1. Considering (1) small (Gly, Ala, Ser); (2) modelled with pLDDT of 95 or more; (3) closer than 14 Å to Ala85 by Cβ, say which one Gly42 fails and leave the rest.
2. So, restricting to strands (runs of 3 or more DSSP E) that lie completely within region 14-119, which ones have at least 1 residues that are under 13 Å from the mean Cα position of the chain (by Cα), of a type in the set (Lys, Arg) and surrounded by 16 or more Cβ atoms within 10 Å (Cβ to Cβ)?
Amino acid sequence: VWDIIADIEGWPEWNPEVKKVTLDGDLTEGANFQWTQGRTHGKSQIQSLKKPATLAWTSKAKFVKRIYVWTFESDEGQTIATVSASLQGAFVVMVENHQKVYHELLNWLELLKNKAEEK
C-alpha cells in the first residue's frame, strides 16, 4: 500500500480524478510536486515522509491551503490506511465544503484499496 501512495506520479493510474502529477526530483521531505485533480491545479510540498507509516503534504490551490496526512499501520497481515485533510484560507467556505472533502477522501481510500487488492 505504501508503494502505491508513495508513487505520486502514478496516482493518475488508479485515481481517475487525478489527471497529472509532476514530482520535482526525488520523493523526500521538502520535495515539491504539481498536480491536477478534477478542475483544480495544486502546488504541493512534502512535509513528512516516514516510510512506510506517514506521508503528509501541504497544497495550495484556489485561495485554499490544504494539509493532507496519510498514515498506514499493519494489523494482522492487513494495512489500515487513514487519511485526513485540513483546509484554511479566506475563501474556504465559498470554495469547499465539509461533505465534498469527506467524500473526496473516502473516494481516495476506496481507490487505494482497490489498487492494493489488484496485486
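The values are calculated or read from the model by the stated rules, or taken from the named source; none is laboratory data. Source: prediction; values computed, not measured. With ideal geometry, Cβ positions are generated from the backbone for all residues, glycine too; neighbour counts draw on all protein chains shown.
1. In the conditions (1) small (Gly, Ala, Ser); (2) modelled with pLDDT of 95 or more; (3) closer than 14 Å to Ala85 by Cβ, Gly42 misses (2) alone.
2. Hits in region 14-119: 64-75.
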